[in-house]
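Visitor: Handing you this structure, nothing more for now.
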Amino acid sequence: MKIPGLDLEFVALAAPVPIWYAQVTGPQWLQAATTVRDEGGRLLALWASDATFSIAADAIDTRAGAVFVAYVRQGGVIWLALPLEIKNGCPVYPDLAPLFPVAARMQRAGTDLSGIHAESAIDTRAWLNHGAWASDHFPLRQDPQALPQPLPGALTDYPFVRVEGDGVHEIAVGPVHAGIIEPGHFRFSVVGERVLRLEQRLGYTHKGIEQRITQLAPKEAHKLAGRVSGDSTVAYAWGYCMALESACQVTIPPRAAWLRALMLERERIANHLGDLGAMGNDVAYAFGLAQFSRLREDWQRSSKAAFGHRFMMDCIVPGGVSGDISLEHKDQMLVHCQALELQVRRLFDIYEAHAGLQDRFMVTGRVTPELAAQLGLTGLAGRASGQARDLRCDHPFAPYSELHVKMASHHRGDVGARAAVRFDEVFESIRLIRQMLGALPSGPVQCELTLPAKPTKGAGWVEGWRGEVFVALELAGVDDGNRILRCHLHDPSWQNWPVLEHAIMHNIVADFPLINKSFNLSYSGQDL
């Protein structure tokens, strides 16, 4: 099929959201990127593989592999594959960073994992390789590799960009931080207390997930997908299962879809409650931390009672969900929603009326709508900066197609705006949960999946609490054991971490924890 604006032949994937796949040449790769940018589209994900196949030909090509990109257009997602060519012994492809700045780090990760290179890229520093791998070791390449050897000095020799000038000095923070949080290094260039520049160095939580998932059976890999980022286990498990169901051309039972959405909204509420308390704590308002922590704990205990796990881990499975909810738990959820809404509204009034808290929230860590659009800011942080995008509204699938989600949005783009979006989304998720519990369809909660006989692709696209989670899956045919050839799991933090560097500029160093928490991005989800 043809898509307006792009002279390519696309194949529609069997997914509940609109996703199309096409193979391109080098010139088409750049032409498509330019077209998407010019029409206001955005880059969703970029990744690589050393083995790929054409849906039309059903043939696997392991010579040089391919680089993939997913773009979001008004009509949905287009997934493009570019078979790589070899230049000077290296697989190369055209650089996308001049068109989409967010591509830079994804391209650097692709180099570290698969040995591919973006031609003429300005920033070629290692991203995930912190010196524990040999320079010629690429974990995602399927050909045998020697065991990696440590490279002394690689950790300390990372070439941070230096800011020169009178009174400029650097403050190095991390990767080990105070408290039980994930590791990341932040290099501040400051004059006095004013931040001139922030540069991040991440990758410390790389776990080899994308290699490990290819060693699992397709019907079991949802467990690992749900552990990419623990606070988004429902979103990731749903994204993976949607991709597998897409590849198998299976539609799950209606009740299963509604229960998945119920869990996703519960996950959204739990994380927003935790963040609203933590943001209060970062401005020395311990009362807010205590109250929201109490509410979040009660909410997660309720999830444990209804679904068997505080985070609802492993509750979403291929073909549906692992179990149903009882009438008793349904009634308890309705009562809990009523109590939670009353208490959160009281806390919202308290936050709004607290002059000291609002003084710290207002105009702190501001990202203008123009900058947000340029850098591809997504999810709740994007909605707080005028980027009115939410998959539950833009491309609703069951049950969201029947729920009519009201999108939370703001234009100020500061810490206060991100807090306001969280409050609004808590109230909306409570409304959605009530509506789902009242209209939950009857029937089975799981169906059988038959793996396809031929090599195929599937994709999943879900609006998690932090933003859109995208999963791209390639399966081998039955003759090759129906194994997973490649599975890319994309976290919205890829888009939002670079924006945080801009949000802190011209603020004081002491406001960084607050600004950072107002985004609350995932280290683990990006590092994989």
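Visitor: Hey, any idea what % of the chain's accessible area is carbon plus sulfur with a 1.4 Å probe?
Guide: 55 percent
Visitor: Taking the solvent-accessible surface of protein heavy atoms with a 1.4 Å probe, what is the per residue accessible area of the stretch 11-130 in Å²?
Guide: Value returned for the stretch 11-130: 37 Å² of accessible area per residue.
Visitor: Something else about it: Over all directions, what mean area does the Cα convex hull of the stretch 209-519 project, stated in square nanometres?
Guide: Value for the stretch 209-519: 15.5 nm².
Visitor: Would you list the P(r) distribution for the stretch 255-398, with all Cα-Cα distances sorted into 5 Å bins from 0 and each bin expressed as a whole %?
Guide: Histogramming the stretch 255-398 at 5 Å steps yields 2, 8, 14, 16, 17, 17, 13, 8, 4, 1, 0 percent.
Visitor: Between L437, N507, H137, whose Cα lies farthest towards the positive end of the dipole of the chain when Lys and Arg beta carbons carry +1 and Asp and Glu beta carbons carry -1, centred on the Cα centre?
Guide: The residue sitting most towards the positive pole is L437.
Visitor: In the chain, which helices (entire DSSP H runs) extend 27 Å or more along their own long axis, judged by Cα positions, while averaging at least -1.0 on the Kyte-Doolittle scale? Don't skip to the answer; put the middle values down first.
Guide: Values: long enough: 254-281 (41 Å, -0.22); 286-307 (31 Å, -0.54); 327-353 (40 Å, -0.22); 415-439 (36 Å, 0.41).
Within the chain the helices that satisfy the rule are 254-281, 286-307, 327-353, 415-439.
Visitor: So what is the accessible area of the stretch 209-519 per residue, in Å², with the probe set to 1.4 Å?
Guide: 34 Å²
Visitor: Ignoring everything except DSSP H segments at least 4 long, calculate the 222 nm mean residue ellipticity for the chain; use -39,500 (n - 2.57) per segment, divide by total residues, nearest 500.
Guide: Computed mean residue ellipticity for the chain: -12000 deg cm²/dmol.
Visitor: Right, another one. Rounded to the nearest 0.05, what FRET efficiency is calculated for S135 and T34 with R0 set to 30 Å and r the Cβ-Cβ distance?
Guide: Numbers: r = 34 Å, r/R0 = 1.12.
After rounding, the FRET efficiency stands at 0.35.
Visitor: At 7 Å along the Cα-to-beta-carbon direction for both R194 and T251, put a label point, then send me their distance in nm to one decimal.
Guide: 6.0 nm
Visitor: Would you mind checking the pairs K223/K304; K330/K406; K219/K330 and listing those with alpha carbons more than 25 angstrom apart?
Guide: Cα-Cα > 25 Å for K219/K330; rest within.
Visitor: Oh, and also: Taking the mean number of other Cβ atoms within 10 Å as a proxy for protection, how do you rank 378-384, 254-260, 117-123, 242-248 from highest to lowest?
Guide: Those peptides, ordered most packed to least, come out 378-384, 242-248, 254-260, 117-123.
Visitor: While we're on this one: Just to verify a number: FRET efficiency for V363 and D166, C-beta to C-beta distance, R0 = 22 Å, to 0.05?
Guide: On the way: r = 27 Å, r/R0 = 1.23.
The value I calculate is 0.20.
Visitor: Measuring from label point to label point, each 7 Å out along Cα→Cβ, what is the C90 to S322 span in nm?
Guide: For C90 paired with S322, the spin-label model returns 4.4 nm.
Visitor: In nm, to one decimal, how far is the modelled label at R483 from the one at Q435, with both set 7 Å along Cα→Cβ?
Guide: It is 4.5 nm.
Visitor: With every protein chain left in place and a probe of 1.4 Å, what is the accessible surface of K457, to the nearest 10 Å²?
Guide: Taking all protein chains as shown, K457 has close to 10 Å².
Visitor: Given q = 0.09 Å⁻¹, what are the Debye log10 I(q)/I(0) values for the chain, with equal point scatterers placed on the Cα positions and solvent ignored?
Guide: -0.64
Visitor: Among residues other than T450 whose Cβ falls under 14 Å from its Cβ, what is the net charge (Lys/Arg +1, Asp/Glu -1)?
Guide: 0
Visitor: Averaged over all directions, how much area does the convex hull of the C-alpha atoms of the stretch 435-492 cover when projected, in nm²?
Guide: 5.8 nm²
Visitor: Under a Cβ-Cβ cut-off of 10 Å, what is the net charge of the residues other than L99 that fall near it, where Lys and Arg count +1 and Asp and Glu count -1?
Guide: Values: positive: R37; negative: D38, D95.
Counting the neighbours of L99, the net charge comes to -1.
The values are calculated or read from the model by the stated rules, or taken from the named source; none is laboratory data. Computed from a predicted structure; not experimentally measured. Note that we place each Cβ from the backbone using ideal geometry, even for glycine, and neighbour counts take in every protein chain shown. Just so you know, the surface numbers come from the protein's heavy atoms only, side chains and all, with ligands and any DNA or RNA stripped out. Shrake-Rupley method; radii C 1.70, N 1.55, O 1.52, S 1.80 Å.
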